[in-house]
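I have placed the structure first, in the form of structure tokens, so that the comments after it can refer back to it.
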Amino acid sequence: MSSYIPCNSSEREQMLRETGLATVDELFSQIPGEIKIQRLNLPEGMSELEVSRYISRMAGKNVRFGTIFRGAGAYNHYIPSIVKSITGKEEFVTAYTPYQAEISQGILQSVFEYQTMICRLTGMDVSNASVYDGASAAAEAVAMCVERGRTTMLVSAAAAPMTIRTMQTYCDGSGIRLLAVPAKDGVTDAEALKNMLDDTVAGFYVQQPGYFGLIEDAETLGQLVHEAGAKYVMGVNPISLGIMKTPAEQGADIAVGEGQPLGIPLSFGGPYLGFMASTAAMMRRLPGRIVGETTDVDGRRAFVLTLQAREQHIRREKASSNVCSNQALCAMTAAVYMAAMGPDGMRRVASQCLSKAHYAASKISSIAGFELRHKGEFFHEFVTESPGGDAPAVLATLEKEGILGGYPVEGGGILWCVTEMNTKEEIDNLSKILINI
């Protein structure tokens, strides 16, 4: 254990002799005594066995729901066993961003493969190596859009609240004005957007599907934005792209999103993955890293860091961001998941989400008090009312049955989510319980 001790008693004595001090306390003599802490109020140490038992008791307090009908940004999808089998190898596992990725062809190739798959999924020209999470990706996209004379960013009020708050945090420190475009019937009010667009607007962000699960008329919104000379940013659910039009097909200049559905477990909220992709015209404004393919002196396939737009690299004050780091292990996880599923697998997962969600919506909304709040088309999330507007009471009843129900939203509504993990029997059982509430 000596290797974990910073210095022993003889080393401390030698240090004191060299500095001409009698005690270690003399090193801190200039600090007023009334603000010095003599002893930390920490419990006594425990043995390994004691710690193991203590942690096990804590873990025993966790509740594992057998059935989940909740999404709101983090989704319960099936993860093929090969994903963990590959990403769990010790040569791949990393706690954070590889700061010198250029010394490892393996790291560079894994990022390159991830970028390639994100581009194919979104239809965009180029992808970076990822950022912290979906909300961070949306906020980073704001900085990509802003230019001289255009310092206002518009965001749909139908986007996820946590994403809007993250964008606001970034904007507050950057002198960017962020304005919300009102929502109507759960989706962006196109007429309101048209009236808010002027020559000071740098871009517009819309979430597809929106926070309430509804599918936006994204192509029409994009046309309005481009007619005003602004950039169009879409935040997309990657699973939905298995059957929906890509951001590129809907006119997006930048596509971002939360990559958690791509093989990353719920994990109490993280770590997750923010993916970012754009058109070639916007490439040099992408934050973080871009890995490219080339050949070495012997003509063999090789990979290089093509672009590093972060302040700690060559761009300094010209950096598009100073807070973005790629989630290397999460990005590899997403790449392995997409490779394992393939295009057909992604389509099948998306199709199951769509069909099962619509079946659940028809069952739930047929129960008195649980009418659908919005009538628009949706992917795998939808909002219903709750009897008497008491959503917490409904969800508490479901919890007693081992079911994690939907997410409570403003006005007594419940945001339900259904994925390929939910069976017909689970949906039928849910409706039977709701009937008796």
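List the trypsin sites (Lys or Arg not before Pro) within segment 120-209 that DSSP assigns to loop and that have no more than 12 neighbouring Cβ atoms inside 10 Å. List each step's numbers first, then the result.
Values: sites: Arg120, Arg148, Arg150, Arg165, Arg177, Lys184, Lys194; in loops: Arg148.
Those satisfying the criteria are Arg148.
Label points 7 Å out from Cα along the Cβ direction at Thr116 and Glu147: separation in nm?
With each label placed 7 Å out from Cα toward Cβ, I get 3.2 nm.
Exceeding 27 Å between C-alpha atoms, which entries from my cross-link table qualify? They are Lys375/Lys432; Lys356/Lys432; Lys245/Lys375; Lys61/Lys400; Lys84/Lys363. Could the numbers behind the result be given before it?
Values: Lys375/Lys432 23 Å; Lys356/Lys432 17 Å; Lys245/Lys375 21 Å; Lys61/Lys400 15 Å; Lys84/Lys363 35 Å.
Correct reply: Lys84/Lys363.
How large is log10 I(q)/I(0) at q = 0.09, 0.10 Å⁻¹ when the Debye formula is applied to the Cα atoms of the chain, each weighted equally and without solvent?
Those come out to -0.69, -0.81, one per q.
Taking only protein heavy atoms into account and a 1.4 Å probe, give the accessible area per residue of segment 135-215 in Å².
Details: 3280 Å² over 81 residues.
That works out to 40 Å² per residue.
Once fully extended, how much extra length lies between Arg348 and Thr169, figured as 0.36 nm per residue of separation less the alpha-carbon to alpha-carbon distance? Can you show the working numbers first?
On the way: separation 179, 0.36 × 179 = 64.44 nm, distance 3.75 nm.
Once the chain is fully extended between Arg348 and Thr169, it gains 60.7 nm.
Quick check: residue separation of Arg284 and Lys245 times 0.36 nm, minus the Cα distance between them. What number comes out in nm?
11.5 nm
Provide the FRET efficiency to the nearest 0.05 for the Asp217-Asp296 pair, computing r from the beta carbons and using R0 = 45 Å.
Numbers: r = 48 Å, r/R0 = 1.07.
The calculated FRET efficiency here is 0.40.
Can you give the net charge of the other residues whose Cβ lies under 10 Å from the Cβ of Gly412, counting K and R as +1 and D and E as -1? Write out the running numbers ahead of the final one.
Values: positive: Arg373; negative: Glu385, Asp390, Glu410.
After counting each charged neighbour, the total is -2.
Just to confirm the filter: which trypsin sites (Lys or Arg not before Pro) across segment 14-75 are DSSP coil and have at most 12 other Cβ within 10 angstrom of their Cβ? Write down the numbers at each step before the final one.
Numbers: sites: Arg17, Lys36, Arg39, Arg53, Arg57, Lys61, Arg64, Arg70; in loops: Lys36, Arg39, Lys61, Arg64, Arg70.
Passing sites in segment 14-75 are Lys36, Arg39, Lys61, Arg64.
Packing-wise, with mean Cβ within 10 Å as the measure, how do 325-334, 379-388 rank, highest first?
My ranking of the peptides, most packed first, is 325-334, 379-388.
At what distance in nm do the modelled label points of Leu21 and Glu44 sit from each other, each positioned 7 Å from its Cα along Cα→Cβ?
Placing both labels 7 Å along Cα→Cβ, they lie 3.1 nm apart.
Averaged per residue, what accessible surface does segment 6-120 expose to a 1.4 Å probe, in Å²?
Solvent-accessible surface per residue comes out at 78 Å².
For Tyr359 and Glu90 in one chain, what is 0.36 nm times their gap in residues minus the Cα-Cα distance, to one decimal in nm?
92.6 nm
Determine the share of the chain's accessible area contributed by carbon and sulfur atoms, expressed in whole percent, with a 1.4 angstrom probe. Can you show the working numbers first?
Values: 12080 of 22850 Å².
Ligands and nucleic acids excluded, carbon and sulfur reach 53 percent.
Before anything else, pin down the relative contact order of the chain: Cα pairs under 8 Å, at least 6 apart, normalised by residue count, whole percent. All intermediate terms of the calculation are to be shown ahead of the outcome.
Numbers: 800 pairs, mean separation 90.4, N = 437.
It rounds to 21 percent for the chain.
The values are calculated or read from the model by the stated rules, or taken from the named source; none is laboratory data. Worth saying up front: this structure is predicted, and the values here are computed from it rather than measured. Cβ coordinates were reconstructed from backbone atoms using ideal geometry, including for glycine residues, and neighbour counts include every protein chain displayed. For accessibility, only protein heavy atoms count, side chains too; no ligands or nucleic acids. Shrake-Rupley method; radii C 1.70, N 1.55, O 1.52, S 1.80 Å.
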